[in-house]
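Engineer: Can you keep this structure in mind? I'll have questions shortly.
The values are calculated or read from the model by the stated rules, or taken from the named source; none is laboratory data. Source: prediction; values computed, not measured. Ideal geometry is used to build each Cβ from the backbone, glycine not excepted, and the neighbour counts take in all protein chains shown. Accessible surface is based on the protein model in full, side chains and every heavy atom, while ligands, DNA and RNA are left aside. Shrake-Rupley method; radii C 1.70, N 1.55, O 1.52, S 1.80 Å.
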Amino acid sequence: MIREALRMTRGYRKRIAVSAGAGVLRVAAGLAFVALSKRAVDIATGDAGGSLAGCVAALAGAVLLEMLCAAVASRTTELSEATMKNALQSRLFGRLLRSRWTGREALHSADMLSRLTEDCRVAAENLCRTVPAMLVAAFQLAAAFVFLWYFSLALALILFLLLPLFMLAAKVFFRRVRHYTRRVRDIESRLQERMQESLQHRILLLAFGCAGRTMESIAALHKSLYARVRRRADITNGSRTVIIAGFEAGYLAAFIWGAAGLRSGTVTFGLMTAYLQLAGQIQRPIAELARLVPGFVRSHTAFERLKRLESVDTEPDEPAAEAEPVHEGIRLREVTFAYPGASRPVLDRFSHTFAPGSRTAVMGETGTGKSTLLRLILAFLQPQEGTIELFGTAGAVPVSGATRREIVYVPQGNSLLSGTIRQNLRMGKPDATDEEMRAALHTAAADFVMTLPKGLDTPCGEHGDGLSEGQAQRIAIARGLLRRGNILLLDEISASLDEATEMLLMERLMECSRRRTLILVTHRPAVTAHCDHILRL
């Protein structure tokens, strides 16, 4: 965990050092205040000579320095924490976005979001806030002990005996709280998963009369979460009570020691003041460390959960798009592919060539590999055996993430994102003009967009909310058509369309794609009627 934490601090170590340095200087100013207050009291009681006014001025300076250092440390910490959290989230989000897909996501999307939000926040807070605070507390403890040693060796040794108690309590506390923190974060992720899916499919839950049962399952998770949070809180408070009891005993010892010294004449009022303040200076950092330990434990769990995101296998960075696509055909040779854990392969020594300019309907029963074939061509999946390549006048290349820029892909179902229709269309071509978007919408039989009150700027809700399935599907087709590419992979693009709209779509699509290679996964006769070849899986 320490190695992981150090790696995360790259680029922020100077800021963390500034925050810790300001904290150390604040502690030094506080200790100077202790020494100056002793002298001021001794001057006032006649036990020492000197200028009381000068001593008071120095005390004011120490207080101002302490306040300034606290302000610098606070501002630096807040800015570092915000910057680190944003950078950490951005890096891990980019990694997840480019993660290699094997047919099934390694983590639930809600669990990913939980790690990206809460765990990134905890990790950044620990590195930018807790670590400097622990360093400052350790310095304060050591410096106060040295001061107290100077004034009274015996009292310093008495208070020093409290440290083993703190260390023992912290060790036991760390192990038990780490266990419950892991359980708490796991249940929180499960809770977020359940709520996210329930909200996404709430119409289905209402239609099936499952809203009540869903609430019961959420309540059961809340109950389990509460039990573990309560147990963690009990352990935390128990440990703190033991430590604080030791602190109070130390403070009482310092008071009794000073009172006895005053009575015997071996301790001045100024020294008594210093005793009490130094006892507090020793107790305060230990209490601070006790307060910080729970956060440190939570950060340990956060590092473990973030490490899981770091371990995902990613694809290479997206290459810059070329001016024009150069490949027109696809060739598969002896391709075998099976999903992890499957009893038999989806494709077994499969070979086929999609010739340049051909129009092929891919048909077959559910589970025969139609969508899998498209994912193999897009290099989202890798075959266990065989080769897949694009070919054309420029030669042949194996399919990869780089070859996707030459392929137009329209997935099955509603694939619109939140935003406007214009923003969705520009996913296909970021610099598309209004004329190009209108032309693509016309080809996709989606002219209805231009009759909407806001036209291209009509907002789309999550999953195309506000549009019918057929409307959202046609906008998705137009989005794909804006993308450059000689090869079109179209997965059940007319599944939600009526016969008349489907016929119009196919006529326009074939007209504008005369020189392009089309592969259409379908079960609709109207689609196969426009194809040159039928491939049955």
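Engineer: Quick check: is even one residue across segment 33-42 assigned to a helix (DSSP H, G or I), among the β-branched types (Val, Ile, Thr) and in contact with a Phe, Trp or Tyr (Cβ under 6 Å, 6 or more places away or on another chain)?
Structural biologist: Yes, segment 33-42 has at least one match.
Engineer: In addition: Can you tell me which residue among THR301, THR273 is open to solvent by less than 80 Å² (accessible area, probe 1.4 Å), closer than 24 Å to MET112 by Cα and either modelled with pLDDT of 70 or more or part of a strand (DSSP E or B) (or both)?
Structural biologist: It is THR301.
Engineer: Find the residue count for segment 372-400, including only residues that are assigned to a loop (DSSP other than H, G, I, E, B) and crowded, with 17+ Cβ neighbours inside 10 Å.
Structural biologist: Residues flagged as assigned to a loop (DSSP other than H, G, I, E, B) and crowded, with 17+ Cβ neighbours inside 10 Å within segment 372-400 amount to 6.
Engineer: Return the only residue of ILE421, ILE487, ILE475 being of a type in the set (Val, Ile, Thr), closer than 16 Å to SER513 by Cβ and open to solvent by less than 40 Å² (accessible area, probe 1.4 Å).
Structural biologist: ILE487
Engineer: Looking at THR403 and the list (1) crowded, with 19+ Cβ neighbours inside 10 Å; (2) under 29 Å from the mean Cα position of the chain (by Cα), which single condition is not satisfied?
Structural biologist: That leaves (2) as the condition not met.
Engineer: Can you find even one residue in segment 46-66 that is open to solvent by less than 40 Å² (accessible area, probe 1.4 Å) and polar (S, T, N, Q)?
Structural biologist: For segment 46-66, residues open to solvent by less than 40 Å² (accessible area, probe 1.4 Å) and polar (S, T, N, Q): absent.
Engineer: Still on this structure, I have one more. As an exercise: evaluate HIS533 against (1) open to solvent by less than 50 Å² (accessible area, probe 1.4 Å); (2) within 21 Å of ILE377 (Cα to Cα) and give the number of the one condition it does not meet.
Structural biologist: Tallying (1) open to solvent by less than 50 Å² (accessible area, probe 1.4 Å); (2) within 21 Å of ILE377 (Cα to Cα), HIS533 fails exactly one: (1).
Engineer: Return the residues of segment 175-227 that are of a type outside the set (D, E, K, R), open to solvent by less than 100 Å² (accessible area, probe 1.4 Å), farther than 25 Å from HIS300 by Cβ and under 22 Å from the mean Cα position of the chain (by Cα); say none if nothing qualifies.
Structural biologist: MET195, GLN196, SER198, GLN200
Engineer: Select, from GLY386, GLY401, GLY369, GLY357, the only residue that is in contact with an Asp or Glu (Cβ under 6 Å, 6 or more places away or on another chain) and within 26 Å of ILE477 (Cα to Cα).
Structural biologist: After ruling out the rest, the residue left standing is GLY401.
Engineer: Could you tell me whether LEU497 is outside any helix (DSSP H, G or I), modelled with pLDDT under 90, open to solvent by less than 40 Å² (accessible area, probe 1.4 Å) and in contact with a Gly (Cβ under 6 Å, 6 or more places away or on another chain)?
Structural biologist: The answer is yes for LEU497.
Engineer: Somewhere in segment 358-371, is a residue open to solvent by less than 70 Å² (accessible area, probe 1.4 Å), farther than 23 Å from SER513 by Cα and without any contact (Cβ under 8 Å) to a residue 40 or more places away in the chain?
Structural biologist: So far as segment 358-371 goes, yes, one or more of its residues are open to solvent by less than 70 Å² (accessible area, probe 1.4 Å), farther than 23 Å from SER513 by Cα and without any contact (Cβ under 8 Å) to a residue 40 or more places away in the chain.
Engineer: Is there a residue being touching a strand residue (DSSP E or B) at 6+ places or on another chain (Cβ under 6 Å) and either closer than 30 Å to GLY94 by Cβ or in a loop (DSSP other than H, G, I, E, B) (or both) anywhere in segment 316-325?
Structural biologist: No - not one qualifying residue is present in segment 316-325.
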